[in-house]
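Before any comments, here is the structure.
The values are calculated or read from the model by the stated rules, or taken from the named source; none is laboratory data. No experiment lies behind these values; they were computed from the predicted model shown. Heads up, the Cβs are rebuilt from the backbone with ideal geometry, glycines too, and the neighbour counts pull from every protein chain shown.
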């Protein structure tokens, strides 16, 4: 191969040139697009299709920019036919908004400022956008967070950090820069955030769509029914649905409350305003500038204006109670009416908390005696919250009511009062005038739907220090001081008389000291004797009382003891009788139990005999046994027992013999025998 090259140098050069050309052709045929970019295809020529006749996006294969983009990877394209423009992917950061400008499409209608995206709403598909009637110019749709593969020849994407587009004409850059400046001025790169702590609401102004009818200043609320998805624009975030629902250009009646809203600032801007706060002790009367014409509900007798229902144009008949309200102050105003008592002061330099009386001064009077005092006064007023709309409807606000009605009325009333009294009477009769004015002026205040609580009158003064009124007051004070001095002198005279009498009494008292002491001594001794006598009488009475008590005690104790002895004797006698009767009954029962009296007698004899033998310790059974009779046996004890037990004993004591021995009698004999034998006697 090398030899051939050296032998044919011209051919080798041609071969090298062909190889290089082949490599160049190959590189132009296979194009690589990184995954972080897109390729915008520009067709350089198309013999059959020619160039684009309308617009500059070739939808039918003409020469020009093609609608489709190339994504990451290798792509086969004929060299010298296509040019590839590598562009970055469009990235919208978190919490930011991207705006879209279409270079090609239908022209904007004269009534629109932004392009409609009802059907042409896919910016990543240029062909679909243009085939579905996409309109050139700034779009109503916005791009939210994310990354998009967009044809940057057809669409220019504006973000806060950069502009994504393929430059084609230097004049376009100026247009996009102006558009970015408008968006930045309106704060459009970020969503609208209304925080609850801000106590604010957002007033939207729409810059696209049909204009307001003549005479209207606020666009009515439209398309806020979530059940109707085709018109629900979700607080101006879907511009096409807002306009499809009948939304109008201009400031909107609907307000935005707390939340986050992604709104196209080229379509609508939002102005934050404070919430309407109705404090405790007040109500808010709404005067609406918008809404349909309402029917007067104030009644036929009320001829000072009309009241309408809530939501209609005019003064609402129902006031706003204390609270916070998302009220559109461009659509009406809220007049605050105090429902607590407030004080109106006709005094220069003194102003109440509501500042309704900041322009009030003292009432200038002309008295009956031609003095011209200034009368400071205060009036306590209350407004029923249900009548607050009537007051606002009639006077516009409370300050106008005070300055245009109450001030002339109160001043005229007290001027009339001043002409009927002298200056001194005006000063001295202040309490009566105050009571009279409170009663008479209540009816006048009621005519204006007000409740008069109280009238407070101050001290009349002149305009400058040292005036006639002050001089009159000085004279009155001097006169009063003179009267007080006269009274003081009279009291001092009386005091001098009393002092003289006191001195005479003191002198008399000093001369009578000894007499007084002697009289006191006599009185003391007399009192001492009386005390001793009373004490002796008391002691004698005490002794007598004690003796009587002791005698009574002895008598009562004797009577008690006698009664005790008598009761005890009677008890013992009764006891002895009862014991004797009981013993007799017992003995009788016992005798009867042992078979009769003869057995009882035998028992007693034998018992005593046994006791005698036991005490004498005599041998009852002799040591020498003596037998007598033919029976041949027995001893003295047995003989004696036989004798005793014989019926003769019964005859001796005069007791009739009992019946033959029964078991009970035999038991008795055995008992006596055992007792004798147990006493130590030996047989």
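Quick notes on this structure:
- Scanning the range 158-178 finds one or more residues that are touching a helix residue (DSSP H, G or I) at 6+ places or on another chain (Cβ under 7 Å), under 29 Å from residue 245 (Cα atoms) and not in a loop (DSSP other than H, G, I, E, B).
- Hits in the range 96-119 (condition: modelled with pLDDT under 90 and crowded, with 22+ Cβ neighbours inside 10 Å): none
The rows are residues; the columns are (1) surrounded by 19 or more Cβ atoms within 10 Å (Cβ to Cβ); (2) without any contact (Cβ under 8 Å) to a residue 24 or more places away in the chain; (3) farther than 30 Å from residue 315 by Cα; (4) in contact with a strand residue (DSSP E or B) (Cβ under 9 Å, 6 or more places away or on another chain).
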| site | (1), (2), (3), (4) |
| --- | --- |
| 361 | no, yes, yes, yes |
| 369 | no, no, yes, no |
| 372 | no, no, yes, yes |
| 389 | yes, no, no, yes |
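- For the range 252-271, a tally of residues being within 29 Å of residue 137 (Cβ to Cβ) and not in a loop (DSSP other than H, G, I, E, B) returns 10.
- Residues of the range 314-330 satisfying the condition of being crowded, with 17+ Cβ neighbours inside 10 Å, touching a residue at least 60 places away in the same chain (Cβ under 8 Å) and not in a loop (DSSP other than H, G, I, E, B): 315, 316
- Residue 143 meets each of the listed conditions (1) closer than 30 Å to residue 36 by Cα; (2) within 48 Å of the chain's Cα centre (by Cα); (3) in contact (Cβ under 8 Å) with a residue 60 or more places away in the chain apart from (3).
- Residues of the range 392-409 satisfying the condition of being touching a helix residue (DSSP H, G or I) at 6+ places or on another chain (Cβ under 8 Å) and either without any contact (Cβ under 8 Å) to a residue 60 or more places away in the chain or not in a helix (DSSP H, G or I) (or both): 395, 401, 404, 405, 409
- Test: residue in the range 301-313 that is under 32 Å from the mean Cα position of the chain (by Cα), in a loop (DSSP other than H, G, I, E, B) and touching a residue at least 12 places away in the same chain (Cβ under 8 Å): yes
- Against the numbered list (1) in a loop (DSSP other than H, G, I, E, B); (2) exposed (fewer than 15 other Cβ atoms within 10 Å of the Cβ), residue 184 comes up short only at (1).
- Residues that are out of contact with any helix residue (DSSP H, G or I) (no Cβ under 8 Å at 6 or more places or on another chain) and part of a loop (DSSP other than H, G, I, E, B) within the range 104-120 comprise 107, 108, 109, 110, 111, 112, 113, 119, listed in sequence order.
- The range 426-465, subset touching a helix residue (DSSP H, G or I) at 6+ places or on another chain (Cβ under 8 Å) and assigned to a strand (DSSP E or B), residue surrounded by the most Cβ atoms within 10 Å (Cβ to Cβ): 455
- Where residue 279 falls short, out of the listed (1) within 30 Å of residue 447 (Cα to Cα); (2) touching a helix residue (DSSP H, G or I) at 6+ places or on another chain (Cβ under 9 Å): (2)
- Hey, residue 193 assigned to a helix (DSSP H, G or I), touching a residue at least 40 places away in the same chain (Cβ under 8 Å), loosely packed, with under 15 Cβ neighbours inside 10 Å and not assigned by TED's automatic domain parsing to the domain that holds residue 292 or not: no
- If you go through the range 331-357 and keep only what is within 30 Å of residue 253 (Cβ to Cβ), in a loop (DSSP other than H, G, I, E, B) and touching a helix residue (DSSP H, G or I) at 6+ places or on another chain (Cβ under 8 Å), you end up with just 339.
- Residue count for the range 374-389, restricted to those that are assigned to a helix (DSSP H, G or I) and at pLDDT below 90: 0
- Filter pass, residue 250 being in contact with a strand residue (DSSP E or B) (Cβ under 7 Å, 6 or more places away or on another chain) and at positive phi: yes
- Verdict on residue 284 being free of Cβ contacts under 8 Å to residues at least 60 places away in the same chain, within 34 Å of the chain's Cα centre (by Cα), surrounded by 13 or more Cβ atoms within 10 Å (Cβ to Cβ) and not in a loop (DSSP other than H, G, I, E, B): yes
- Tallying residues that are more than 22 Å from residue 286 (Cα to Cα) and surrounded by fewer than 14 Cβ atoms within 10 Å (Cβ to Cβ) within the range 331-349 yields 2.
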